[in-house]
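So the structure is just underneath, and the comments pick up after that.
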Amino acid sequence: MKKGIHPENYRLVAFKDMSNEDVFITKSTVETKETIEVDGVEYPVFKMEISRTSHPFYTGKSKLIDTAGRIDKFKTKYAKFSK
């Protein structure tokens, strides 16, 4: 293994799934300015739109998440071709 290429600043970080409010804690080097309290301990928090607890592949459930109206934009853009 090469020396000096791996980061040294690993620390515990809380990752929060914004679609279902699930929080899990793991070591990471991700930079963040926000914090969250979990079980009485304060951690830096990284917010995600989707994680293992909400992704259809892992849950086995199909879930439609429309962020910023992408589905509506698609439908209006291609509505002229549906005749």
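Restricting to the stretch 1-25, what's the tally of residues that are within 15 Å of THR53 (Cα to Cα) and not in a loop (DSSP other than H, G, I, E, B)?
Count: 7.
Scan the stretch 12-31 residue by residue and report those that are among the polar types (S, T, N, Q) and out of contact with any Ser or Thr (no Cβ under 9 Å at 6 or more places or on another chain).
THR26, SER28, THR29
Which one is nearest to the chain's Cα centre (by Cα), of the residues in the stretch 1-18 that are open to solvent by 50 Å² or more (accessible area, probe 1.4 Å) and touching a residue at least 24 places away in the same chain (Cβ under 8 Å)?
MET18
For the stretch 26-49, how many residues meet the condition of being in contact with a Pro (Cβ under 9 Å, 6 or more places away or on another chain), open to solvent by 70 Å² or more (accessible area, probe 1.4 Å) and in a loop (DSSP other than H, G, I, E, B)?
Within the stretch 26-49, residues that are in contact with a Pro (Cβ under 9 Å, 6 or more places away or on another chain), open to solvent by 70 Å² or more (accessible area, probe 1.4 Å) and in a loop (DSSP other than H, G, I, E, B) number 3.
The values are calculated or read from the model by the stated rules, or taken from the named source; none is laboratory data. Because the structure is a prediction, the values reported are computed rather than measured. Virtual Cβ from ideal backbone geometry, glycine too; neighbours counted across all protein chains shown. Please note that ligands, DNA and RNA were not included when accessible areas were found on the heavy atoms of the full protein model with its side chains. Shrake-Rupley method; radii C 1.70, N 1.55, O 1.52, S 1.80 Å.
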